[in-house]
Structures are given as structure tokens and as C-alpha cells.
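Got a structure for you, questions after.
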Amino acid sequence: HWQQARVVGIDIHAPALLLAERNVASSGVSDRIEIRRLDVRDLDVEFDASLDLVWLPGPFLPFDVVPSALAAASRSLCPGGWLAFGLFGGPPDPIGQRLADLRTLRAGGHPWSADAAVAAVGDAGFANVREVDRSWNAPVRLVVGQVPADGR
């Protein structure tokens, strides 16, 4: 869909990188996707104010990593760039959400409430922070924020 888009996928877990490399190799768009071993907390070292979008996979990030990951994401985004902080979203009923929280804990992440995630993204200096109304079937919630157009 986006012929000009270039994607850089990062991880620190070698098996995840190997799987990603295999998936990219068979994707038909490997000329636009690069896989790198990089800690998300060092994102800005590689991409100082040059990215348009950063996706943070909340279900896989420990609670204590998120503040520094948000800060690094902010510094790696260009003015006007967007952060998408993905959270695992279960069914709307309390039991379903508790099961989703358990799945997140088992994946190494923290079961963020929407309010807490919005606050964390806002505290990292992002503007226009909000949870996106979920209009898709995948069990993903998104909290987004934008680097101010005038930068930092």
C-alpha cells in the first residue's frame, strides 16, 4: 500500500530476530524492511529525530523499561511524528480483560489500563495523546501521541 514506506524492526531477543528475518525474506517486500538488534531504550542513538512513526509493543515491554523507551522514541521521532503504544486488549467484560492482563504478564509486559498508558505517554512529552477507538477485531488497543510539530 505504501510503496515509499521503509520499516526498521528492532529487538534484543535473538530468536525473535531470526524469526523476523525469515518472515521478511519471504514477504516480497524485503527491500524495504530491515531487521536490527537494538534495545528500544537506545532507539534515539540510531534514529535521532528521523522517524515518522514508532510502534512500541507494550505486551512485551517490562514496566520499568517503558519510561526510557518512551523517552527514546520521542527523541527518535521527527517533529510531528507519531508514537503508537500497543496494548493487548481483551474482551470488554471484566473476566476477559483479566485474562488479557494475564496474557500480557506472561509475555513479560505490564497490563496497562488505558488511563495509565495515556498518562505515561503524556508524561513523556507527547501531545495529542489518546486511546484510539477500537474499530478492528484484533486484540490490540492503541494509545497514540505526537511529537509537537515545533519539536522539543
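The values are calculated or read from the model by the stated rules, or taken from the named source; none is laboratory data. Note that the structure is predicted; figures quoted are calculated from it, not measured. Please note: Cβ atoms are built from the backbone with ideal geometry, for glycine as well, and neighbour counts cover all protein chains shown. These accessible areas exclude ligands, DNA and RNA; they are computed on the full protein's heavy atoms, side chains included. Shrake-Rupley method; radii C 1.70, N 1.55, O 1.52, S 1.80 Å.
Of these, 141, 134, 130, which one is under 15 Å from residue 60 (Cβ atoms) and not β-branched (Val, Ile, Thr)?
Selected residue: 141, the only one of 141, 134, 130 that is under 15 Å from residue 60 (Cβ atoms) and not β-branched (Val, Ile, Thr).
Table: residues versus (1) out of contact with any helix residue (DSSP H, G or I) (no Cβ under 6 Å at 6 or more places or on another chain); (2) open to solvent by 20 Å² or more (accessible area, probe 1.4 Å); (3) at pLDDT 95 or above.
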{"position": "87", "(1), (2), (3)": "no, no, no"}
{"position": "94", "(1), (2), (3)": "yes, yes, no"}
{"position": "103", "(1), (2), (3)": "yes, yes, no"}
{"position": "106", "(1), (2), (3)": "yes, yes, no"}
{"position": "109", "(1), (2), (3)": "no, no, no"}
{"position": "119", "(1), (2), (3)": "yes, yes, yes"}
{"position": "122", "(1), (2), (3)": "yes, yes, yes"}
{"position": "127", "(1), (2), (3)": "yes, yes, yes"}
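Those residues that are free of Cβ contacts under 8 Å to residues at least 24 places away in the same chain, within 21 Å of residue 47 (Cβ to Cβ) and either open to solvent by less than 80 Å² (accessible area, probe 1.4 Å) or touching a strand residue (DSSP E or B) at 6+ places or on another chain (Cβ under 6 Å) (or both), I need them from region 1-29; list them, please.
Selection gives 16, 17, 20, 21, 24, 29.
If residue 131 passes every condition in (1) more than 16 Å from the chain's Cα centre (by Cα); (2) open to solvent by 50 Å² or more (accessible area, probe 1.4 Å) but one, which one does it miss?
(1)
Sort out which residues of region 1-39 are of a type in the set (Val, Ile, Thr) and in a strand (DSSP E or B), and write them in order of number.
Correct list: 7, 8, 10, 33, 35.
How about region 58-72: which of its residues are under 17 Å from residue 122 (Cα atoms) and modelled with pLDDT under 95?
58 - this is the single residue of region 58-72 that is under 17 Å from residue 122 (Cα atoms) and modelled with pLDDT under 95.
One residue is enough: does region 36-57 have a residue meeting the conditions in contact with a helix residue (DSSP H, G or I) (Cβ under 9 Å, 6 or more places away or on another chain), modelled with pLDDT under 95 and more than 26 Å from residue 148 (Cα to Cα)?
no
Condition test on residue 34, is it more than 26 Å from residue 143 (Cα to Cα), surrounded by 12 or more Cβ atoms within 10 Å (Cβ to Cβ) and over 16 Å from the mean Cα position of the chain (by Cα)?
No: the conditions fail for residue 34.
Just to be sure, is residue 148 out of contact with any helix residue (DSSP H, G or I) (no Cβ under 6 Å at 6 or more places or on another chain), over 25 Å from residue 16 (Cβ atoms) and open to solvent by less than 40 Å² (accessible area, probe 1.4 Å)?
In short, yes.
If a residue must be farther than 23 Å from residue 75 by Cα and either touching a residue at least 24 places away in the same chain (Cβ under 8 Å) or of a type in the set (Asp, Glu) (or both), how many such residues does region 116-144 contain?
Residues meeting the conditions: 5.
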